[in-house]
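Only the coordinates and a few stated rules stand behind these numbers; no lab work does. It should be emphasised that the depicted structure is a prediction, and the values quoted were computed from it without experimental measurement. Note that each Cβ is placed from the backbone with ideal geometry, even for glycine, and that neighbours are counted across all protein chains shown.
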Amino acid sequence: MMKNEIDAIKNKDDFVIFVQRHVIDKENPLEVNDYLTSILSWVRDMEGFYLNSGEKKPDNIDWKFIATLLYVGLIYE
């Protein structure tokens, strides 16, 4: 289950393994614009996601780092 894999991410190496395993998925290719649109939709509704799942929303989300991560994914070779 992907939720268990996400919960197990504790460091950079775990994150890299997760991305390699799931995000770069040849069976489910997404255009960059579609992927970013999906992320945007989820972020707009994230409070509902946490409320419905019974989990606490993270307090200290580093939005600048996330924006940097998404941006460099578009330009990095």
Within the set Asn60, Asn52, Asn33, GNM on the chain using Cα springs under 10 Å gives the largest fluctuation to Asn60
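With a cap of 10 neighbouring Cβ atoms within 10 Å, and only residues DSSP puts in a loop, list the chymotrypsin sites (Phe, Trp or Tyr not before Pro) found in the chain. Mind dumping the intermediate values first?
Numbers: sites: Phe15, Phe18, Tyr35, Trp42, Phe49, Tyr50, Trp63, Phe65, Tyr71, Tyr76; in loops: Tyr76.
When the chymotrypsin sites (Phe, Trp or Tyr not before Pro) of the chain are filtered for loop state and at most 10 Cβ neighbours within 10 Å, Tyr76 remain.
Given the -39500 (n - 2.57) contribution per DSSP H run of 4+ residues, what per-residue ellipticity at 222 nm results for the chain, rounded to the nearest 500 deg cm²/dmol?
Numbers: 5 runs with 47 residues, N = 77.
It comes out at -17500 deg cm²/dmol, rounded to the nearest 500.
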Counting other Cβ atoms within 10 Å, keep those with at most 14, restrict to DSSP loop, and tell me which GluC sites (Glu not before Pro) in region 28-75 are left. Glu31, Glu55
Structure-derived log10 I(q)/I(0) by the Debye sum over Cα atoms at q = 0.11, 0.23 Å⁻¹: which label, when the choices are (1) -0.35, -1.68; (2) -0.30, -1.04; (3) -0.48, -1.04: (1)
Of the candidates Leu51, Leu30, Leu40, which one comes out as most mobile in a Gaussian network treatment of the chain with C-alpha springs shorter than 10 Å? Leu51
Under 17 Å from the Cα of Lys56 - aspartates and glutamates, other chains or at least 8 residues apart: Asp7, Asp45, Glu47
